[in-house]
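The values are calculated or read from the model by the stated rules, or taken from the named source; none is laboratory data. Just so it is clear, the model here is predicted, and its values are computed rather than measured. Counting neighbours? That spans all protein chains shown, and the Cβs are built from the backbone with ideal geometry, glycine included.
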There are 2 protein chains.
Amino acid sequence: MPWPASLVERPGALAIDSHFSISAGGCIDTRVPAAAERIRDRISRKTGTQMAALASGHPTLVVECVQRTRPTGNRQQDPILPSLGEDESYMLDVDAGGAHLRASTGTGALRGLETFSQLVVPGAHGFQVPFVHIEDKPRFPWRGIMIDVSRHWMPVAVVERNLDAMAAVKMNVFHWHLTDDQGFRVESRKFPQLQEQGSDGHFYTQQQIRQVVAYAAARGIRVLPEFDMPGHATSWVVGMPELASAPGPYRIERTWGIFQPTLDPAREETYRFLDAFIGEMTALFPDPCFHIGGDEVDDTQWKQNVAIQRFASEHNLKDSHALQAYFNERVGVIVAKYGKTVMGWDEVLNPGLPRETIIQSWRGQDSLAEAARKGYRGVLSYGYYLDYLKPASYHYANDPMEGKTRELDDAAAARILGGEACMWDEYVSPETLDSRLWPRSAAIAERLWSPSSVKSTDSMYDRLEAVNRELDWVGLKHRSNYEPMLEAIAGGRPAAAVRVLADAVEATGIEIRRDARKYTSLVPLNRLVDAARVESEPVRHLENCVSELESNPGARSARIAELNIALTSWRDNRAAIGPLANQNSLASELLPISEELSTLGAIGLQALKYIEARNPPSRDWLAAQRRVIEAMDKPTAEVRLAATRPVLMLLQASSQVAN
Amino acid sequence: MPWPASLVERPGALAIDSHFSISAGGCIDTRVPAAAERIRDRISRKTGTQMAALASGHPTLVVECVQRTRPTGNRQQDPILPSLGEDESYMLDVDAGGAHLRASTGTGALRGLETFSQLVVPGAHGFQVPFVHIEDKPRFPWRGIMIDVSRHWMPVAVVERNLDAMAAVKMNVFHWHLTDDQGFRVESRKFPQLQEQGSDGHFYTQQQIRQVVAYAAARGIRVLPEFDMPGHATSWVVGMPELASAPGPYRIERTWGIFQPTLDPAREETYRFLDAFIGEMTALFPDPCFHIGGDEVDDTQWKQNVAIQRFASEHNLKDSHALQAYFNERVGVIVAKYGKTVMGWDEVLNPGLPRETIIQSWRGQDSLAEAARKGYRGVLSYGYYLDYLKPASYHYANDPMEGKTRELDDAAAARILGGEACMWDEYVSPETLDSRLWPRSAAIAERLWSPSSVKSTDSMYDRLEAVNRELDWVGLKHRSNYEPMLEAIAGGRPAAAVRVLADAVEATGIEIRRDARKYTSLVPLNRLVDAARVESEPVRHLENCVSELESNPGARSARIAELNIALTSWRDNRAAIGPLANQNSLASELLPISEELSTLGAIGLQALKYIEARNPPSRDWLAAQRRVIEAMDKPTAEVRLAATRPVLMLLQASSQVAN
């Protein structure tokens, strides 16, 4: 995953044992041997096989890069940087003679190595790779993830392991949302008061930024920095109140929403500062694109500031939109002066915006189509907002080329560069970021890489399950943090009952949580909702069990046994959770939802008895149970009972059994 | 854990929230503020709470180091190194005013910080630390772990996370077994052929060695390097056959056992080489102790070498023991010349051995007592061999001061410095090292730190369960690797049934595995036995469930429900494992043991029915079931069915129910 453009499987498999080695010495792109070494290490860990670090005379996998000169724009002494639209194609052949990976570019070879790694599975004689012929290339050149590190601070190690995961599913743009009201996360040496006053001490040093950029580049990922302006700027003006449109002092914002502090578009000092600051930042970030945000400007300060209003009327700027357009134009000139292309959210699209600007659309395909018709390139983020914690299938179904984008002519359609998953971090901490991004981002990665014809949801979930586990070996903590978080809730004790409950629920996203209680950045994210998954795999498995009761008679008794075990553990959950809840607020909030789960378990067991006895229940009984379950629809403790789904299916199945 | 020398708990608790901070600025030992930062980060992750990185005006925990000058032997410009016998005591007070940690030395402060971290638990209003007064200091000054990195290579990251775990349980010596027949794991710049020919490319560079030494020192851990000689030397002579007692060529040893390649004790060239090599290594490792191994010398080469035999008779060395004693004496002079103290295994104890030599005893307390009476200091490793995978209780019961060591006078008793857990890595890979070392090493840590009166096994297991989870937050992978390994066996798929089986078994150690099949260092360690735990916590929990059936009538129905769920999942395991085993050798070897587990589940369910009905089974039935279970005693696929224990208890309980 993502599924390749073309794959032919053949009978037979190549053994992966302690003699496994990769030869990539012929590639001029030094990223390739380094990636080969990482992949070999990953395969060694996954297969539990000690492999020599030295090159072998007979490499199992030979990587060949056709490219014999360094890519354009890369000087000899620089590290090789991935670039927008570069050739990422590769061919992979595995047969009895070994494995052979061919790519035009180093980046293509990186993509092919990840494919090879995913192919390693256990077989009849140990781990192996099936014989295949793969020809692969991406559908879209822009496949990104935006991570907000302002609302919750994300340490370098967290960013890096997510870059590894992005590389594993062939994503190629890391959009780093570095500033917002809640924190200014990058070191400026010219204006150190920005991070010193605006970050609680949680910011990336310039050395760390360079480290992350190099780490990403080594994995074929571009780093796109975003400095959101003129709104979402509270953290800027904590240290530099003179930039704001109203007198300070300001404090770092601890709550969520849209806030008033806004850069002053009417003073030349603002642009002198931005020139110096953007000059510093464009030198720090090598990518040719530079994101200036531009979303959600609250114009209260502008309206209340006499000087700004006078400036607006002098310059014929008839409203705040025009004022923002003016600001953008000035900033655009500065960014262009440093040789960079401006990128901004939908709101920056205004008459007079330079044609090379790239629009990131949270508004949707229609907005993107409109921009494309006007000549602007665009990236879709609408439908890829991961902070809503919607199912992978929802994002998977969202295609950049649908609605009005589908009606575009070829030239305009080519301006739709791809998409970007967005992770806003109001309700995400370093411990939960991985499980909020993954595995769902892999479904988005497939949407953006694979041919549009690859769209079966069942197949996607099937492969998502496998890639979800592959990401463990890549180094993510999306799954390994689950049990420790549940056990922390249980006071550092075995948490079997908490796990039963957590497996039966799904976390709610920003829509529910923003109204659930008074959240601030100081509120711990350590509750069941934070540990719980976005989609419960165990529940999905039980739904399949119920389906199989009818569809697969041979497995009927095994499925009934599985359902019986799960339903019994649900029924008894309330009794098991009880003792944990004493003097423990994290556990005591589980009681009401555990109560509901116990009820569900009892209903499910009763339905299962009807099914086993092939004796349908009365309509009244069914209706009564359904009413009970409907009442569970409302989230409790900010989680939803996913367990209702298989139980409703059981009720349905029980009503249909033949007498 | 380890339990402090003195602890008084008081009513009340200190809240741990986003305002939590530690002040350690007053300590001259710069390791303390760095450790405080790590502990704050760990608490932040464990509690899911974002905490400012900046010092607060009102720190929650104030750390005070009494020591106002740098420890003796540490020059101003050097990093501070822990030393044998240094003061590690500390006092910790937590009350309504905050927490206060006082220590004489920086090392004592490090120990106290770890105690504080373990005290953080959830309470009625979120995470908290109970009010306590703790006065603590270690019983023994030498509390170590030896890790063999020769038989299986252990990357730096693996070593470092285990150093973090050692620090978490206050262990203070990392004994690094760097060379053996299967690999020469350290870079020599004077003799690069050693690592180039003797390591398959898996060795630590000198820079990495310095990094690990600094990493350990920052955590109050000494690094004791071991270069095993004159035996266990195959990997030395691959690159330098001229050092051996028989002509080469030699190859890196891939199998396990005691091998013939042995350094030549009769040639002056050997000692010239050793002088240069030991000179290089003593400069690399700052600790005053230097381990020369000296164990298990196979004297075949010596006996077959005419020159060596002539040398022996010329020097009046009547046998191979005398020859090894001569060799040791020569090496001892070289080590002493570089200002270091020699350490060696039991075998080095010979008349004429310098008094300052430290003996590491795998033979036991009596051997240690004999050495102590002769004036040698000693460290106990007998009873702490972790590669046998014996239960924590076994190691916990093994005290350095028992048998003949208990009869020593005070002066001689003081020569018993402590103990060292030993991990020989024939059957241990980077993925499994953590789970083989932990949590059992924590029980050994407590034996060596806590007063001898702390010895309740039940209390130990209770606390071990909690510390086992704390080690997740410390960064170990002993638990997080479990499910990925099981899922790799299942082909990257959900592995609920494999987990049920794995939870019901316990891995066997070197005693069983060395005879189970033809193992070499090239055989993957990726099977159920490698993933399975040494002691099954879920089985232990079920044993407690059975005990509670009688002892706690109020919980009877809840315990019956729990047993019912577990036993049902056991009974159905064979059916669930079946489909995974197709064309998968890792899964198909599970079938016989899964068959046995299913049988056990069925027997247990039947016994439970007798118990629920308060109707004892017939003696014949009981005897028949016991015979079936006895037959399961033999390991299958190198694992033992731990599940037999609670089922045997159930049979016993069923036989005793009142009619």
Report every pair of residues separated by at least 6 positions or lying on different chains whose Cβ atoms are under 8 Å apart, first residue within segment A:358-376 and touching a residue at least 60 places away in the same chain (Cβ under 8 Å), second assigned to a helix (DSSP H, G or I). A:Gln360/A:Asp346; A:Trp362/A:Asp346
Does B:Tyr338 qualify as being among the aromatic types (Phe, Trp, Tyr) and either under 30 Å from B:Phe203 (Cβ atoms) or modelled with pLDDT under 95 (or both)? yes
Looking at segment B:491-500 only, could you name the residues that are at the interface with chain A (Cβ under 8 Å from one of its Cβ atoms) and over 18 Å from A:Arg540 (Cα atoms)? B:Gly491
Selection within segment B:37-68 - part of a helix (DSSP H, G or I) and either within 14 Å of chain A (Cβ to nearest Cβ) or within 16 Å of A:Ala157 (Cβ to Cβ) (or both): B:Glu37, B:Arg38, B:Arg40, B:Asp41, B:Arg42, B:Ile43, B:Ser44, B:Arg45, B:Lys46, B:Thr47
A:Glu160: passes all of (1) of a type outside the set (A, V, I, L, M, F, W, C); (2) out of contact with any strand residue (DSSP E or B) (no Cβ under 7 Å at 6 or more places or on another chain); (3) closer than 22 Å to A:Arg447 by Cβ but (3)
Go through segment A:492-513 and give me each residue that's in a loop (DSSP other than H, G, I, E, B), free of Cβ contacts under 8 Å to residues at least 40 places away in the same chain and either farther than 26 Å from A:Gly601 by Cα or under 24 Å from the mean Cα position of the chain (by Cα) (or both). A:Gly492
Which one of these is more than 20 Å from A:Val8 (Cα to Cα) and assigned to a strand (DSSP E or B): A:Met91, A:Met146? A:Met146
State whether the residues of segment A:462-478 include one that is in a loop (DSSP other than H, G, I, E, B), at pLDDT 95 or above, closer than 30 Å to A:Val156 by Cα and among the aliphatic types (A, V, I, L, M). yes
Where residues in segment B:393-438 are in contact with a Pro (Cβ under 7 Å, 6 or more places away or on another chain) and more than 26 Å from B:Val523 (Cβ to Cβ), which of them is farthest from the other protein chains (Cβ to nearest Cβ)? B:Ile416
For segment B:1-43, how many residues are surrounded by 21 or more Cβ atoms within 10 Å (Cβ to Cβ) and among the hydroxyl-bearing types (Ser, Thr, Tyr)? 0
For segment B:201-238: of the residues being surrounded by fewer than 20 Cβ atoms within 10 Å (Cβ to Cβ) and within 14 Å of chain A (Cβ to nearest Cβ), which is nearest to B:Glu160 (Cα to Cα)? B:Gln208
Exactly one of B:Ile252, B:Ile278, B:Ile258 is touching a strand residue (DSSP E or B) at 6+ places or on another chain (Cβ under 9 Å), assigned to a loop (DSSP other than H, G, I, E, B), in contact (Cβ under 8 Å) with a residue 12 or more places away in the chain and among the hydrophobic types (A, V, I, L, M, F, W, C), and that one is B:Ile252
Picked from segment A:516-565 (must be over 19 Å from A:Pro391 (Cβ atoms) and acidic (Asp, Glu)), the residue nearest to the other protein chains (Cβ to nearest Cβ) is A:Glu562
Specify the residue that is nearest to A:Thr599 (Cα to Cα); the eligible residues are those in segment A:643-655 that are surrounded by fewer than 21 Cβ atoms within 10 Å (Cβ to Cβ) and in contact with an Asp or Glu (Cβ under 8 Å, 6 or more places away or on another chain). A:Arg645
Are any residues in segment B:479-491 in a helix (DSSP H, G or I) and touching a residue at least 12 places away in the same chain (Cβ under 8 Å), and if so, which ones? B:Tyr482, B:Glu483, B:Met485, B:Leu486, B:Ala488, B:Ile489
Candidate set from segment B:439-463 (those that are within 14 Å of chain A (Cβ to nearest Cβ) and crowded, with 23+ Cβ neighbours inside 10 Å); member that is nearest to A:Met485 (Cα to Cα): B:Pro439
How many residues are more than 14 Å from every other protein chain (Cβ to nearest Cβ) and part of a helix (DSSP H, G or I) if we restrict to segment B:96-122? 11
Among (1) surrounded by 23 or more Cβ atoms within 10 Å (Cβ to Cβ); (2) within 21 Å of B:Ala445 (Cβ to Cβ); (3) free of Cβ contacts under 8 Å to residues at least 12 places away in the same chain, B:Val121 falls short only on (1)
Anything in segment B:123-143 that is more than 14 Å from chain A (Cβ to nearest Cβ) and part of a loop (DSSP other than H, G, I, E, B)? List them, or say none. B:Lys137, B:Pro138, B:Arg139, B:Phe140, B:Pro141
What residue, among those in segment B:600-628 that are crowded, with 21+ Cβ neighbours inside 10 Å and among the β-branched types (Val, Ile, Thr), is farthest from B:Arg571 (Cα to Cα)? B:Ile611
Quick check, is A:Leu353 touching an Asp or Glu at 6+ places or on another chain (Cβ under 8 Å) and hydrophobic (A, V, I, L, M, F, W, C)? yes
Members of segment B:321-380 found to be assigned to a helix (DSSP H, G or I), surrounded by fewer than 20 Cβ atoms within 10 Å (Cβ to Cβ) and among the charged types (D, E, K, R), listed by number: B:Glu329, B:Arg330, B:Lys337, B:Glu347, B:Asp366, B:Glu370, B:Arg373
Of the conditions (1) basic (Lys, Arg); (2) within 26 Å of the chain's Cα centre (by Cα); (3) over 25 Å from A:Ser381 (Cα atoms), A:Arg185 fails just one. Which one is it? (3)
Determine whether B:Phe290 is assigned by TED's automatic domain parsing to the domain that holds B:Glu356, surrounded by 21 or more Cβ atoms within 10 Å (Cβ to Cβ), under 15 Å from B:Arg330 (Cβ atoms) and in contact (Cβ under 8 Å) with a residue 60 or more places away in the chain. yes
Residue count, segment A:568-580, condition more than 7 Å from chain B (Cβ to nearest Cβ), buried (at least 16 other Cβ atoms within 10 Å of the Cβ) and free of Cβ contacts under 8 Å to residues at least 60 places away in the same chain, comes to 3
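Residue-wise test of (1) of a type in the set (Lys, Arg); (2) buried (at least 22 other Cβ atoms within 10 Å of the Cβ).
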position: B:Lys390; (1), (2): yes, no
position: B:Ala397; (1), (2): no, no
position: B:Pro400; (1), (2): no, yes
position: B:Leu408; (1), (2): no, no
position: B:Tyr427; (1), (2): no, yes
